[in-house]
Amino acid sequence: MISVVGFPRIGQNRELKKWVESYLDKKLSKEELIQNSKNLKKTHWQLQKEYSVDLIPSNDFSFYDTFLDHAMLVGSIPEEYKAVFSDDLELYFALAKGYQDQNIDLKALPMKKWFFTNYHYLVPEITDNTKFELSSTKPFDEFVEALSAGIKTKPVIIGALTFLKLSKKSNVDIYDKSFWEKLLEVYIQILKRFEELGAEFVQIDEPILVTDLSTKDIEFFDSFYRSLLLHKGKLKVILQTYFGDVRDCFEKIILLSFDAIGLDFVDGKFNLELIKKFGFPQEKFLVAGVVNGRNVFKNNYKNTLELLNMLSSFVDKKNIVISTSCSLLFVPYSLKFETNLDSNKKKFLAFAEEKLKELSELKLLFSQENFTTNNIYFQNIQLFEEMEKNKLSDVSTAVNNLTDDDFERKPCFEERIKLQKEVLNLPQLPTTTIGSFPQTQDVRSARSKLKKGEITFEEYESFIKSKIERVIKLQEEIGLDVFVHGEYERNDMVEFFGENLEGFLITQNGWVQSYGTRCVKPPIIFSDIKRKRPITVEYIKYAQSLTKKPVKGILTGPVTILNWSFVREDIPLKNVAFQLALAIKEEVLELEREGVKIIQIDEAALIEKLPLRRCQHSEYLSWAIKAFRLTCSKVKPQTQIHTHMCYSNFDELLDEIAKMDVDVITFEAAKSDFTLLDSINKSSLKAEVGPGVFDVHSPRIVSKEEMKKLILKMIEKVGKDRLWVNPDCGLKTRKEEEVLPTLQNMVLAVWEVRNNL
Ligand code: MET
Ligand SMILES: [Zn+2]
């Protein structure tokens with residue numbers, strides 16, 4: 001059999017994004033949105049059927065986020081939201097994006113990164129008031145939809161442990177049986193309903209099992225599922241894990257009466273060892289995740305068939321299900337739109353649709369005794385031989401010649417910050433933004449005209465300059481202290497650098513969902529990386545020429561470029577990171593030579609890719625932090641180095657972040673109850689800090705009073721001398737009418753606070 005853990009839902013041309021956005025702008029009715037989405041889902045199911053996928057997922061679709069869908073399903077939604085909306089979809093989007101009218105002001109749920117991916121999920125809150133009850137019909141409706149299209153799907157739901165652990169909890173002990181019994185009831189009802197509807201398989205996703213588990217977690221898992229599985233009736237229940245290995249609980253989970261266990265053999269190489277050591281129950285299916293759901297390179301059939309054959313000495317061959325390693329949500333839809341990619345490079349790639357083909361080819365080969373004589377197999381072998389021949393120069397000479405001194409910034413922070421204060425002469429609580437300003441329609445249309453050749457590069461440049469002039473003026477009017485140039489030249493903070501550095505492939509339509517309706521188009525790192533020319537210098541210089549206030553030079557850091565690109569699997573990440581770092585370093589030094597006094601090197605994704613298991617942290621951090629340090633170790637002490645980080649759990653990592661040795665760090669914090677500020681106090685971090693005072697992902701206009709309160713609280717926690725005031729991330733996804741008033745309120749709030757210092 002073949003299984004797909006999940007399929008991209010945004011549509012091959014990001015149709016869903018456009019529909020949801022028009023619905024939110026009141027340009028598309030609820031009925032139209034629902035009907036369009038039904039058609040889209042059907043297309044995706046049918047496509048999978050064409051490639052003879054046996055276990056086709058449903059309920060992997062979502063208007064915004066499947067974690068929020070699940071919170072709605074089990075009824076874990078705050079009462080104050082429920083009270084306001086009679087319409088479920090309005091309630092749903094209020095939770096996703098916040099809601100404001102004359103009388104009501106509701107915040108959006110906070111967002112966090114989904115494990116080590118760049119997908120963000122919405123974080124529900126579970127309190128002692130949460131009453132779990134079956135509260136939506138979405139998964140059942142989707143199952144019936146597919147059924148009426150002639151496809152019996154495998155519904156996917158998020159498992160209880162993953163749901164509870166990734167939600168925010170207040171005043172509850174999730175391990176207390178009297179607390180979770182209610183949730184168990186809901187899961188029982190869900191299974192019953194699927195059985196009634198005639199489902200054969202149900203997939204329960206428990207990716208949390210690949211993280212470090214406590215005894216309590218394992219005990220909870222064991223008793224919860226022991227009880228739940230008593231009610232599975234005729235259903236076959238798949239326990240699906242992904243993103244790593246299940247070393248902490250393998251022995252336990254194989255004893256439970258799941259009918260199938262899904263293991264990731266791409267990110268969880270150790271799963272094979274677990275099977276070798278403990279065996280695998282004869283009566284169960286093994287859903288073998290062998291086709292990488294997180295990268296765009298072709299599958300190596302030789303390696304995969306070796307693995308499958310190895311597995312077949314522990315598991316009956318007919319019980320081995322060939323599967324994606326995780327949902328295909330993390331790769332673009334199809335290569336068929338990539339008409340501009342060099343065919344010599346394109347042949348090494350596989351997006352979601354091509355991965356469906358790989359699954360069916362692997363199934364065929366696995367069923368044949370003499371697969372090595374099959375032409376499909378032979379061609380794949382040849383391809384990988386060719387890939388091997390044009391391998392990157394494993395460690396390029398420059399990387400090879402690095403010494404300890406290349407990673408060391410001198411003098412120490414205390415001496416640097418003194419010099420910087422003299423040069424910059426900023427007021428207390430300096431105000432700034434993170435870099436990007438709203439990417440208005442005119443910016444997007446100019447970029448698309450440039451792409452189509454309808455305007456010249458000179459015309460495009462002069463348009464960008466006019467946007468810079470305007471944003472400088474806006475910042476003057478608002479009264480900010482440290483300016484930005486607005487990042488109008490960047491389609492995306494990573495893709496832009498990919499386009500301007502040598503070594504990357506840029507796709508036309510390689511969109512991947514990042515959160516809600518937001519998609520990114522990660523570039524593909526294919527060969528050695530070099531800086532061909534200055535990348536940002538002209539824009540920053542121009543912005544600085546228009547004002548006396550300091551303008552920050554803003555660059556994307558090497559680890560973030562690496563983590564938000566697709567990277568070849570045959571060279572160590574560390575080497576690619578150092579190559580990127582050397583390229584960014586050249587840009588940093590050129591900005592400095594041009595008189596830029598503050599340089600911000602964004603590392604939004606440095607923490608995101610932290611390995612899920614603690615025992616692997618130090619290896620990753622050691623090279624990731626070194627790569628960052630390499631970019632700015634040789635700047636003058638007077639040049640102030642900032643970094644920006646967002647949407648991860650930093651609390652326990654501050655001592656590591658301190659090793660980046662920056663002068664100022666801005667990050668997301670307002671939504672996480674300031675635990676981060678307490679952690680900062682306890683950590684060895686010396687840098688000045690700018691915890692975001694408003695959530696840029698919500699269109700909500702934040703009042704001066706609300707921010708003033710926050711700022712006072714922040715001063716209480718970290719003191720007035722090391723505090724910056726700024727939003728929690730870039731403003732590019734917002735509309736000007738949303739952010740300009742909020743920025744104005746932010747500055748006014750700071751002025752009032754300053755007056756009373
Ligand atoms: C996701 S972090 C974004 C940082 C970038 N400088 C911006 O303002 O958009
Ligand atoms: Zn950010």
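The values are calculated or read from the model by the stated rules, or taken from the named source; none is laboratory data. These numbers come from a predicted model, not from an experiment. Every residue, glycine as well, gets a Cβ built from its backbone with ideal geometry; the counts of neighbours run over all protein chains shown. To get the accessible areas, we keep the full protein, side chains included, count just its heavy atoms, and leave off ligands, DNA and RNA. Shrake-Rupley method; radii C 1.70, N 1.55, O 1.52, S 1.80 Å.
Think of the chain as having a plus end and a minus end, set by charges on the Cβ of Lys, Arg, Asp and Glu; of Gly75, Val237, Phe667, Phe667 sits farthest toward the positive end of this dipole. From most to least packed by mean Cβ count within 10 Å, the peptides 513-524, 95-106, 585-596, 55-66 give 55-66, 513-524, 585-596, 95-106. Less than 5 angstrom separates the built amide H of Tyr175 from none of the residues sequence-distant by 5 or more or on a different chain. In this structure, the residue pairs whose Cα-Cα separation is over 28 Å, taken from Lys97/Lys704; Lys421/Lys585; Lys451/Lys548, are Lys451/Lys548. Equivalent-ellipsoid semi-axes for the chain (Cα gyration tensor, √(5λ), whole Å, largest first): 42, 31, 25. Here's the list of aspartates and glutamates a cross-link from Lys318 could span, going by alpha-carbon distance under 18 Å and ignoring same-chain residues fewer than 8 apart: Asp54, Glu200, Asp259, Glu283, Glu306, Glu361, Glu369.
Rg and Dmax of segment 2-389, both derived from C-alpha coordinates alone, stand at 21.3, 72 Å. Report note on the peptides 482-491, 256-265: ranked by the mean count of other C-beta atoms within 10 Å, highest first, their order is 482-491, 256-265. By definition, a body whose alpha carbon gyration tensor gives a ≥ b ≥ c is prolate when a/c is 1.5 or more and a/b is larger than b/c, and segment 501-608 fits this prolate description. Cα convex hull, segment 364-426: 238 Å³ per residue, rounded to a whole number.
Around the amide H of Trp724, modelled in the peptide plane, lie the amide H atoms of Val689, Gly690, all under 5 Å away and 5 or more residues distant in sequence or on another chain.
Among the GluC sites (Glu not before Pro) found in segment 256-325, those both in a DSSP coil and sparsely packed, with 13 or fewer other Cβ atoms within 10 Å of their Cβ, are Glu283. Of all the C-alpha pairs in segment 219-286, what % are more than 17 Å from each other? Looking at segment 219-286, the distances longer than 17 Å represent 40 percent of pairs.
If you take the square roots of the eigenvalues of the alpha-carbon gyration tensor of segment 347-476 and sort them as a ≥ b ≥ c, do you get rounded (a/c under 1.5), prolate (a/b over b/c) or oblate? Oblate. Charge tally for Asn118 (other residues, Cβ to Cβ under 13 Å; Lys, Arg +1; Asp, Glu -1): +3. The Cα center of segment 156-188 and the Cα center of segment 229-284 differ in position by 21 Å. Sorting the segments 400-409, 107-116 by their mean number of nearby beta carbons within 10 angstrom, highest to lowest, gives 107-116, 400-409.
Sorting Arg613, Arg754 by accessible area (1.4 Å probe), largest first, what list results?
Arg754, Arg613
For segment 63-148, the fraction of C-alpha pairs more than 18 angstrom apart is 47%. Which loop-located trypsin sites (Lys or Arg not before Pro) does segment 184-235 contain, where loop means any DSSP state but H, G, I, E or B and the Cβ has at most 12 other Cβ atoms within 10 Å? Within segment 184-235, the qualifying trypsin sites (Lys or Arg not before Pro) (loop, at most 12 other Cβ atoms within 10 Å) are Lys234. Cross-link reach is defined here as a Cα-Cα straight distance under 14 Å, omitting same-chain residues fewer than 8 places apart; for Lys530 the aspartates and glutamates meeting it are Glu499, Glu502, Glu586, Glu587. Separation of segment 537-591 and segment 385-453 by C-alpha centroid, Å? A separation of 3 Å, based on Cα centres. Kyte-Doolittle cut-off -1.0, length cut-off 24 Å along the helix's own axis using Cα: show which whole DSSP H helices in the chain pass. Both cut-offs are met by 177-197, 457-478, 573-593, 736-755. Residues whose amide H comes within less than 5 Å of that of Asp528, counting only those at least five positions distant or on another chain, are Ser393 (H built at 1.01 Å from N in the peptide plane). Evaluated with a Cβ-only charge set (Lys, Arg +1; Asp, Glu -1), the chain carries a dipole of roughly 760 debye about its Cα centre, given to the nearest 20.
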